[in-house]
2 protein chains.
Amino acid sequence: MSQTPPRPPAGPPAPRPVPTSADVARLAGVSRATVSYVLNDASAVRISEPTRHRVRQAAEELGYVPHAAARSLRAGRTRIVLLPTVPVPVGRLMGHFLNELQWALRRLDYTVVQYASMGLDGDEAARAWAELRPVAVVAFGAAQLTPHGVDVLKRSGARAVITLGPQPVEGAHCLPVDQRRVGRCAGAHLLDRGYRRIGVVLPEEAGLEPLSGPRLDGVRQAVGGAGSGAVADVVPLPLAYTEEAAGALAARWPGLGLDAVFAHNDEYAMLLMRALLDAGVSVPGDTAVMGADDLLLGRLLRPRLSTVRIDMETGRHLAELVDHLVVEPDHAPEPRELMAARAIHRAST
Amino acid sequence: MSQTPPRPPAGPPAPRPVPTSADVARLAGVSRATVSYVLNDASAVRISEPTRHRVRQAAEELGYVPHAAARSLRAGRTRIVLLPTVPVPVGRLMGHFLNELQWALRRLDYTVVQYASMGLDGDEAARAWAELRPVAVVAFGAAQLTPHGVDVLKRSGARAVITLGPQPVEGAHCLPVDQRRVGRCAGAHLLDRGYRRIGVVLPEEAGLEPLSGPRLDGVRQAVGGAGSGAVADVVPLPLAYTEEAAGALAARWPGLGLDAVFAHNDEYAMLLMRALLDAGVSVPGDTAVMGADDLLLGRLLRPRLSTVRIDMETGRHLAELVDHLVVEPDHAPEPRELMAARAIHRAST
């Protein structure tokens, strides 16, 4: 095996030296530039097929892999698209959307990395993202990104900073995802069906606040606000995701005088409906119960659960937007709503 | 603003030049080395507090963020821990485990990035991971990693390659996660309760095969194999995750002559149990139904679902193992099983 430069003194020695492009060049009998051209598929440079073959074989033999970081330093720009992740269980809908997005970005030759921002917030998180020098950042739930954070990212070379969330952030391309829409749908449906005192479940689970607050606001909007103009009462109901908590809420249900409840999503709706039925509250006779997400499981309980169905724009569209903004950052298309919501009436309302 | 070198010709110009450490050095009136020492918190070098303050202020003013890649090139090693992700919906159990792992790694000063390997397999995936120069890789489901892939990663500087899965991979540190254990638990429970003709649901959903095949094998192990020594019959039942598919299976149920079914997990068990009840099959009178995962939702149907509860080792332990292997790659501790499984008897079996 050819010689390699000595390793830096910090830390214990690795079992074997890491092969470099210089090793490949020596073994193949070509220049380092040629190695770089061949392994990075630089088509502008004419290199004969036998030479290309020799370089690839030498790289294979030595186990050499180009260093994305070094390459990006030379090129002045990475192909990394960073997706900051949040510590919330990802449902089927969101999971599907993320898969589509990642597939489509890969097809456009981007390297997608997810980065968990837990424990960092606001500008600290933006600085941590910037250290990876992404060419684009797609942030779900823009709550933590500030105009300063966007600026840090852009100065570090990010050409596209896209946020998906309720509030626009200065400097970022904002795609509206307004959870109030889900609450408005549920509220309008319950109002339509004649209910006038509506409970709204607020999950106590960490990480769901960015959804639950806006959904409550949406129900309030649907009934005409909180003041004297409101055509129905809206009562927030904090609830932990346990049978005990649901049982305790069901036990004090008659005292609440509610004729309907929007339970944040189908899982909470199933939990609460079971507890209500077990406590002798009839659904929808005494109280209507409505969920959101249109889970298959919500159709398995009896009565079948009414729900808000949420549809997301395809991930492919978002991937194309990322690419568009990277190539032409100054010609952003008009932002459009990514999420659609509609009520589905079944037996529980 | 100070001058920066011209950008490479490829692509349209970015709105503003990216500030470099040379810009910070100029603004603060110090050397680039001093900037590097201050911003990388090199404690070995004595630098006065006023100078440190001046450097930090200049960096803040210019919006300069150190480049993780450049830093890692200088240090010869990154702090990146790569978690290849798989395109499967992540359940609450796994989501919790991943969160714990990421928190704990961050506390140990690692940068955790998730990388979606979709569309790449085997050695191609390993090469893509190696390009990011991770110091450690934690691969869930080792199916795609080969000894050659491990070698590529180690030669690129990875000091720890950890796989979580059923099969050890040469060169990697393998933590056994054996899904057959879940099947064995379910099989033993059903056998114990006197059932002798056991259906096993095989989800048709993409991405679940690495779980469903071993779970079926586990049930077969529990009943003593497939031959004449078996004390019960095991019948595989492919099933799509739709009400229609479950209804069709329930319609031909009497002809199957099964007295029990292990339905892969609680979601499929709920789907199938609902269809059986609607088709007039009594549970557990005619047929026992068992799930896995111990979802809260499984307790909401009647009869309450029997299940296999799966417990994972804490993510903190795995983070400590990563750090141990990075620091002392030649002194690996004894691998230990990450997953425990036990049957929980409720009303459906």
- [ ] Per residue of the range B:46-55, in order, report the coupling 6.51 cos²θ - 1.76 cosθ + 1.60 (Karplus, θ = phi - 60°) as ³J(HN,Hα) in whole Hz, putting x for Gly and Pro.
- [x] 7, 10, 5, 4, x, 5, 3, 4, 5, 5
Open item on the list: Mean-square fluctuation check for chain B, GNM, Cα pairs under 10 Å: which of B:His53, B:His264, B:His148 is largest?
Closed with: B:His53
TODO: Choose one of B:Ala343, B:Leu256, B:Gly229: the residue whose Cα lies farthest towards the positive end of the charge dipole of the range B:208-349 (beta-carbon charges +1 Lys, Arg; -1 Asp, Glu; about the Cα centre).
DONE: B:Leu256
Task: Helical mean residue ellipticity (222 nm; -39500 (n - 2.57) per DSSP H run of 4+; nearest 500) of chain B - done: -12000 deg cm²/dmol
Task: Acute angle (nearest 10 degrees) that the helix B:180-192 long axis makes with the longest principal axis of chain B, alpha-carbon atoms - done: 20
Open item on the list: Just to confirm a number: summing +1 for Lys and Arg and -1 for Asp and Glu over residues other than A:Val281 whose beta-carbon lies under 15 angstrom from that of A:Val281, what do you get?
Closed with: +1
TODO: Using the 7 Å Cα-to-Cβ label point, sort the distances from A:Gly29 to its equivalents in the other copies shortest first and give them in nm to one decimal.
DONE: 5.9
TODO: Report, for B:Asp278, each distance to the same residue's label point in the other copies, shortest first and in nm; define the point 7 Å along Cα→Cβ.
DONE: 2.4
Task: Computed over the range B:183-324: relative contact order in percent, which uses C-alpha pairs under 8 Å that are six or more apart - done: 23
Open item on the list: With an 8 Å Cα cut-off and a minimum separation of 6 or more residues, compute the relative contact order for chain B in percent.
Closed with: 14
TODO: Mind pulling up the Rg/Rh value for the range A:170-250? Radius of gyration and Kirkwood radius, both on Cα.
DONE: 1.05
TODO: Answer rounded, prolate or oblate for the range B:180-311, using the Cα gyration tensor with square roots of eigenvalues a ≥ b ≥ c: rounded when a/c is under 1.5, else prolate when a/b is larger than b/c, else oblate.
DONE: rounded
Task: Per residue, in Å², the accessible surface of the protein assembly as shown once ligands and nucleic acids are set aside, probe 1.4 Å - done: 43
TODO: Calculate what fraction, in whole %, of the accessible area of the range A:180-311 sits on carbon and sulfur atoms when a 1.4 Å probe is rolled over the protein chains.
DONE: 50
Task: Cα-based shape type of the protein assembly as shown, given that a ≥ b ≥ c are square roots of the gyration tensor eigenvalues and the cut on a/c is 1.5 - done: oblate
- [ ] Note the buried accessible area between A and B here, summed over both chains, with a 1.4 Å probe, in Å² to the nearest 100.
- [x] 6900
TODO: Normalise the Cα radius of gyration of chain B by 2.2 N^0.38 Å (N = residues in it) and let me know the number.
DONE: 1.33
Open item on the list: Measuring nothing but label to label, 7 Å from Cα along Cα→Cβ, what are A:Gly247's distances to the other copies in nm, shortest first?
Closed with: 3.5
Open item on the list: Can you tell me the orientation of helix A:315-327 relative to chain A, as the angle in degrees between its alpha-carbon axis and the longest Cα principal axis, to the nearest 10?
Closed with: 50
Task: Simple Cβ-charge dipole of the range B:21-66, Lys/Arg +1 and Asp/Glu -1, about Cα centre, in debye nearest 20 - done: 160
TODO: Largest first and in whole Å, give the semi-axes of the range A:21-66's equivalent ellipsoid, each being the square root of 5 times a Cα gyration tensor eigenvalue.
DONE: 15, 10, 9
Task: Rel. contact order, % - alpha carbon contacts under 8 angstrom, at least six apart, the range A:21-66 - done: 45
- [ ] Loop sites only, by DSSP: take the trypsin sites (Lys or Arg not before Pro) in chain A that have at most 11 other C-beta atoms within 10 Å and name the longest stretch containing none of them.
- [x] A:47-251
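The values are calculated or read from the model by the stated rules, or taken from the named source; none is laboratory data. Being a predicted model, the structure only gives us computed values, none of them experimental. Using ideal geometry, Cβ is built from the backbone for each residue, glycine included, and neighbour counts are taken over all protein chains shown. When the accessible area is computed, the model is the full protein with side chains, heavy atoms only, and any ligands, DNA or RNA have been set aside. Shrake-Rupley method; radii C 1.70, N 1.55, O 1.52, S 1.80 Å.
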